[in-house]
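Structure, as structure tokens:
The values are calculated or read from the model by the stated rules, or taken from the named source; none is laboratory data. Because the structure is predicted, anything quoted here is derived from the model rather than measured. Positions of Cβ are backbone-derived with ideal geometry, glycine not excepted, and every protein chain shown enters the neighbour counts. These accessible areas exclude ligands, DNA and RNA; they are computed on the full protein's heavy atoms, side chains included. Shrake-Rupley method; radii C 1.70, N 1.55, O 1.52, S 1.80 Å.
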Amino acid sequence: MTDAAELAARLRHVFWIGGGSGAGKSTTARRLADRYGWRLYATDDVMRDHAGRATPEEAPFLHRFIAMDMDERWVNRSPEVMLETFHWFRGEGFGLIVEDLLRLPPEPCVIVEGFRLLPHLVKPLLDAPQHAVWLLPTPDFRQAAFRGRSVPGEGFVRRTSDPARAGRNLAERDRMFTTRLAEETERLRLHTIEVDTAMTEDDLAERVARAFRL
């Protein structure tokens, strides 16, 4: 599309919230968008659209995932394989997020949230380092999520032959993804916030607002 410096300049009105699954990204982004009158762009909401726009050549991992049945996706593969082959974790479709953002007017500001915001992909687009933060759930928080996801019938895992195993696989994959995010943000010197079970939604929103220097 263009070089990174020009993209960063064109996206200077964008604020980014990435992080691990279930860490409060959506709630926090919605609260800040309401508070400041910003536009909200939730990357989860456009996944289906982006999957339809991405060709097999552009997104080979995505198209292999689409071809799998539910047990192949969540039961029969190890969490390690699930982590390494999950298309969004590999950055497939990230360019479509950028394309969408470039189509939006520069006012009001845009707050973007979702696990698809990988640190190494976002950093070159930052006009100001404080415009991005990653939310990292603590082990206790992850354990609470693990218990919830291991209950048969919870979420999409109920459509597998073994919902409990699928839930455990998904929880472990997400734990490893959060660890990867922590390592990558530290290496790139990007801002993170630990999210624990004692933190309220109000607390988290205020922490993110301060990180954005609002």
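How big is the Cα convex hull of segment 1-212 in projection, averaged over all directions, in nm²?
On the way: hull surface 46.4 nm².
About 11.6 nm², averaged over all directions.
As a check on your grasp of the helix formula, calculate [θ] at 222 nm for the chain: sum -39500 (n - 2.57) over DSSP H runs of n ≥ 4, divide by the residue count, round to the nearest 500. Intermediate values should be presented prior to the final figure.
Values: 11 runs with 108 residues, N = 214.
Helix contribution divided over all residues of the chain: -14500 deg cm²/dmol.
Give the long-range amide H neighbours of Ala132: residues separated by 5 or more places, or on another chain, with amide H under 5 Å away, using H modelled in the peptide plane at 1.01 Å from N.
Trp16
Could you look at segment 1-212 and say what percent of its accessible area is carbon and sulfur, using a 1.4 Å probe and all protein chains?
49 percent
Report the extension gain between Glu183 and Asp203 in nm, rounded to one decimal, defined as 0.36 nm multiplied by the number of residues separating them, less their alpha carbon distance.
Details: separation 20, 0.36 × 20 = 7.20 nm, distance 2.42 nm.
Result for the pair: 4.8 nm of gain on full extension.
Taking amide H positions as placed in the peptide plane 1.01 Å from N, state which residues far from Val195 in sequence (5 or more) or on other chains have amide H under 5 Å from it.
Leu136, Thr138
Suppose a student asked you for the relative contact order of segment 1-212, using Cα pairs under 8 Å spaced at least 6 residues apart; what percent would you report?
On the way: 313 pairs, mean separation 72.2, N = 212.
Relative contact order of segment 1-212: 34 percent.
What does the charge count near Pro56 come to, summing +1 for each Lys or Arg and -1 for each Asp or Glu among other residues with Cβ under 13 Å from its Cβ?
Summing Lys/Arg as +1 and Asp/Glu as -1 gives -1.
So what is the relative contact order of segment 34-118, in percent, for Cα pairs below 8 Å that sit 6 or more residues apart? Present the calculation step by step, with values, prior to reporting the outcome.
Values: 61 pairs, mean separation 43.5, N = 85.
The value is 51 percent.
State in Å² the accessible area per residue of the chain; use a 1.4 Å probe, count heavy atoms of protein chains only, and round to the nearest integer.
Here the per-residue accessible area is 50 Å².
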